[in-house]
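These notes concern the structure reproduced below.
Any read-out appearing in this document is the output of simple, stated calculations on the displayed coordinates, not a laboratory observation. What you are looking at is a predicted structure, and each value in this text was computed from that prediction instead of being measured. FYI the Cβ positions are ideal-geometry reconstructions off the backbone, even for glycines, and counts take in every protein chain you see.
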Amino acid sequence: MRARLAVVIVAVALGLVGCQDRAEREAKAARANAEIYAAKARREAEAERARAEGYAARARAEAEAQASAARRTASRAEAMVAERAGDAADLASAVANRATVERALALGRQAKAELDKVYRTDSDYDLDVTAAGASADHAAKLAALPHVTVGDLTVGYEQLASVSTDGVTRSRHFRATWRRGDRDVIVGYQTSETLDLAGFAALVPRLVPAVERVLD
C-alpha cells in the first residue's frame, strides 16, 4: 500500500515538473513572438517615417523648383519688357552706328588707294577714317598722345588692340588723329606687318596727306 502511494506521489511530482517545463517553454515562446512582433512593428514604423520624410523632401524640392521656375520666368519677362522698351532707341542707334562704320570703311578704302601711290609694302593693311565734330575730350586726348607735325597739323598716334573695324584680326593696330578745322579726324591702321609704334610714326607724314585728299 505504502509502495503504491509512493509511486503515485512520484508520478504526480513528475507531472507537475513536466507541466512547469511546458509552461516555461510556452512563456519563452510567447516572449520571443512578442519580441518578433515588436521588432516588426518598429521596422514598419521606421519605414513609414522614412516614406513620410521622402514625401516631404520631394514636396520641398518640387516647391523650390516651381519657385525657381517662377523667378526665372519673372526675370525673363522683366528683360523682355526692358528690351522691348528700348527697341526703338536701339534700332536707331544700330542704324546710325552701321552707317558710321560703313562710311569709315569707305573713306578708308579711298585713303588707302591714295596712300598706295606713295607707300609700298608687301604686307596687307586696311584703313578706316572717321571725321566727327570737334570735342574738348578729343583735344585733351590728342594733347596727351605722342605726336608728329605734318604741315600745319599736329598728329597724335598710338598703338591699340589688334582688331580692325571690319572684324578682321591683324597683328598690329594703330591710330592717328588730328584736328581739322571744326572736325576731329581719327584714322585706324590695321596691318599684318610686324610694325612697331616708331615705324607707324614714320608712316604718319605719308598717311595724313592721303587722308586729307579724300576728306576735301
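Amide H contacts of Leu145: none lie under 5 Å away among residues 5 or more positions distant or on a separate chain (H built 1.01 Å from N in the peptide plane; Pro and chain starts excluded).
Each of Thr191, Thr149 was scored by other Cβ atoms within 10 Å of its Cβ. Arranged with the fewest first, they read Thr149, Thr191.
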